[in-house]
Amino acid sequence: MKLTEFKKLIREEIRKVLREDKGYFQNFKNYQKLFNAIDKLPDTIVSINVPIEASAPFGSGAKTKTISTKNNPKWRNQVKMLVRKVVSGEKIHNYNLRSTGRSIEAGPYEISITTESDHDFNQRMLAGEFGPLD
């Protein structure tokens, strides 16, 4: 094997590893697109964390519920039902779906929801409107 071919093979393997480490992340503007992505998740994932509140006090993080997929053929419907309940009456800026493990096939996955008020607050913080953070 020539040195250039060997280098090419090494680069391809490095790219594969980097893709695996990044996992899966997708951002959605509406819940219907999120639901379509949930429908396409592999049946092999272990679990998915779903927020049970739309927003939380600064720094506390949203409370979540973990839905196990093992022996649970209706897990997708449970996830969608929780999301619908959480966003009811809220103005949503975006939805995120991401794998938190090293394997896209196994997960686990999590959903996060950013409300418009959370987004506006974050933008104001970034602009320094509340003064320095340190």
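FYI, it's all coordinate maths here, none of it is from the lab. Only a predicted model underlies this, so the values are computations on that prediction, with no experimental measurement involved. Here the Cβ positions follow ideal geometry from the backbone for every residue, glycine too, while neighbour counts run over all protein chains shown.
What the table below lists for this structure:
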{"quantity": "Formal net charge of residues neighbouring Ile67 (Cβ-Cβ distance under 12 Å; K, R +1; D, E -1)", "calculated": "+4"}
{"quantity": "Difference of contour (0.36 nm per residue) and Cα-Cα distance, Glu5 to Asn96", "calculated": "28.8 nm"}
{"quantity": "Virtual spin-label span in nm between Thr66 and Gln32, 7 Å along Cα→Cβ", "calculated": "3.4 nm"}
{"quantity": "Scattering profile of segment 24-134 at q = 0.10, 0.14, 0.19, 0.24 Å⁻¹ [log10 I(q)/I(0), Debye over alpha-carbon scatterers]", "calculated": "-0.32, -0.59, -0.97, -1.38"}
{"quantity": "Modelled FRET efficiency - R0 30 Å, Lys85 with Ala127, Cβ distances, 0.05 increments", "calculated": "0.35"}
{"quantity": "Hull shadow area, averaged, segment 81-134 [alpha-carbon convex hull, nm²]", "calculated": "5.7 nm²"}
{"quantity": "20 Å Cα-Cα reach of Lys80 towards lysines, excluding residues that sit fewer than 8 places from it in its own chain", "calculated": "Lys29, Lys33, Lys40, Lys63, Lys65, Lys70, Lys91"}
